[in-house]
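For reference, the structure is listed below as C-alpha cells.
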Amino acid sequence: MNATMNPTAAAEANARSSILARLRAPATPAPLPLPDVSAWFAAHQRHEDNAQRVSRMRAALEAVKTEVHDTTVADWPELLLRLIAAKGLRNLLIGTDTPHGAELEARQPANLELKRYAESIDSWRDVLFDEVDASLTLAKSAIAEIGSLIVWPAPQEPRLMSLVPSVHFVLLDVANIHADFYSAMTSEGWKDSLPTNALLICGPSKTADIQQTLAYGAHGPRELVVLLRHAQALTPGAAA
C-alpha cells in the first residue's frame, strides 16, 4: 500500500524541486547596459586651447619635482647640451636610428660622449648600469590632466632607457599633449594597437620609508627633465 505524503512534506518537496530546477537551468541574465563613456567625458571636458594644456601639464610635472624647459624644433639640441654641461654629465644614451638622436650626432658635441643603444642587454649590462649618466627618449604624447608622459618603448628606444640612467631627458612635442587619458586613448587609437609596454611617467622615481623620508632614484631615474618642444619660436622671455 502506498503511503500518502502529508501536506507539509509535499510542499517541501515541491519547493526543493523548484529550487533545483532553477539552479540547473542555464543562466540567461539580461545584459547590463554599457556606460556611455564618450558622453561622460564630453560633459566633463575642459574647454581649453593648447597653450592652456601646456601650462597645466607643466604645473603638474613641476609639482612632483620634474624639471621642465620650453624650447623649439630648431633649438632643442642646444638647450639639451647646455643642460647636460650644467649637470656635469659625461655621456648620453640615445636610441638607435632615431631622428632626434641623429640631430645630436650631427652636432658632434664636445666633451660629451653619445652612446647608442645598439647592443643586447646581455652584452653590455655592466656598461648600462654602471657607466651611463643619462638618456634621451621621445615621448609619444602626454596627458595634461595628470601631468603624465606617454612613452611607448620600441626596439630603437627600449624600456631600459627610461629606467636605468640616473637622469632621464624626455623630448615632448607640445602639439601631442591631450586633455585627459580618454582623449589620448581615443585620438591615438589605442584599442587597435598597443606596444608590449605602454608607460605613463609622472615624475622622477621616488620612494619613502616608514618614517616618510622621501628619496629619489631608488627604482629609476632620480631626475626627470622634460623639454617641451614648440613648433614655432617662443615669445621673448618664454624660453628656458
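With a cap of 16 neighbouring Cβ atoms within 10 Å, and only residues DSSP puts in a loop, list the GluC sites (Glu not before Pro) found in the range 110-143.
Hits after loop and neighbour filter: 119, 131.
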Efficiency of FRET between residue 65 and residue 44 - r from beta-carbon atoms, R0 35 angstrom, step 0.05:
0.75
Loop sites in the range 1-76: GluC sites (Glu not before Pro), DSSP, at most 15 other Cβ within 10 Å:
48
Solvent accessible area, Å² - residue 174, 1.4 Å probe, full protein context:
10
Using only Cα atoms, find the angle between the long axis of helix 76-86 and the longest principal axis of the chain, and express it within 0 to 90 degrees, rounded to the nearest 10.
80
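Between residue 13 and residue 113, what is 0.36 nm times their sequence separation minus the Cα-Cα distance? Round to one decimal in nm.
27.4 nm
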So with the 1.4 Å probe, I'd like the accessible area per residue for the chain, rounded to whole Å².
60
Loop-only check: which chymotrypsin sites (Phe, Trp or Tyr not before Pro) in the range 162-208 are DSSP coil with at most 16 other Cβ within 10 angstrom?
190
Could you sort 115, 87, 65, 206 by accessible area so the largest value comes first, with the probe set to 1.4 Å?
65, 206, 87, 115
J(HN,Hα) series, the range 56-64, from Karplus relation 6.51 cos²θ - 1.76 cosθ + 1.60, nearest Hz, glycine and proline x:
5, 4, 4, 4, 5, 5, 5, 5, 10
For the chain, set up a GNM with springs between Cα atoms under 10 Å and report which of 79, 23, 227 has the largest fluctuation.
23
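At 222 nm, what value in deg cm²/dmol follows for the chain if DSSP H runs of at least 4 each add -39500 (n - 2.57) and the sum is divided by all its residues, to the nearest 500?
My calculation for the chain gives -9500 deg cm²/dmol from helical runs alone.
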Whole-Hz Karplus couplings 3J(HN,Hα) for the range 7-17, θ = phi - 60° and coefficients 6.51, -1.76, 1.60, Gly and Pro as x, run x, 5, 5, 5, 5, 5, 5, 5, 5, 5, 4
Karplus ³J(HN,Hα) for the range 94-99 (6.51 cos²θ - 1.76 cosθ + 1.60, θ = phi - 60°; Hz, whole; x = Gly/Pro) runs 10, x, 9, 6, 10, x
Please report the spacing between the Cα centers of the range 120-197 and the range 15-51 in Å, no decimals.
34
If I model a spin label as a point 7 Å beyond the Cα along the Cα-Cβ vector, how far apart are those points for residue 219 and residue 52 in nm?
3.5
Of (1) 1, 5, 11, 14, 15, 13, 9, 6, 4, 3, 3, 3, 3, 3, 3, 2, 2, 1, 1, 1, 0, 0, 0; (2) 1, 6, 12, 14, 14, 13, 11, 9, 7, 5, 4, 2, 1, 0, 0; (3) 1, 7, 15, 19, 21, 18, 12, 6, 2, 0, the label for P(r) over Cα pairs in 5 Å bins from 0, in percent derived from the coordinates:
(1)
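Share of the chain's accessible area from carbon and sulfur, percent, 1.4 Å? Walk me through the numbers on the way to the answer.
Working: 7910 of 14420 Å².
Carbon and sulfur together cover 55 percent of it.
The values are calculated or read from the model by the stated rules, or taken from the named source; none is laboratory data. A quick note: this is a predicted structure, and the numbers were derived from the prediction, not measured. We place every Cβ from the backbone using ideal geometry, glycine too, and count neighbours over all the protein chains shown. The area values use the complete protein model at the heavy-atom level, side chains included, leaving out ligands, DNA and RNA. Shrake-Rupley method; radii C 1.70, N 1.55, O 1.52, S 1.80 Å.
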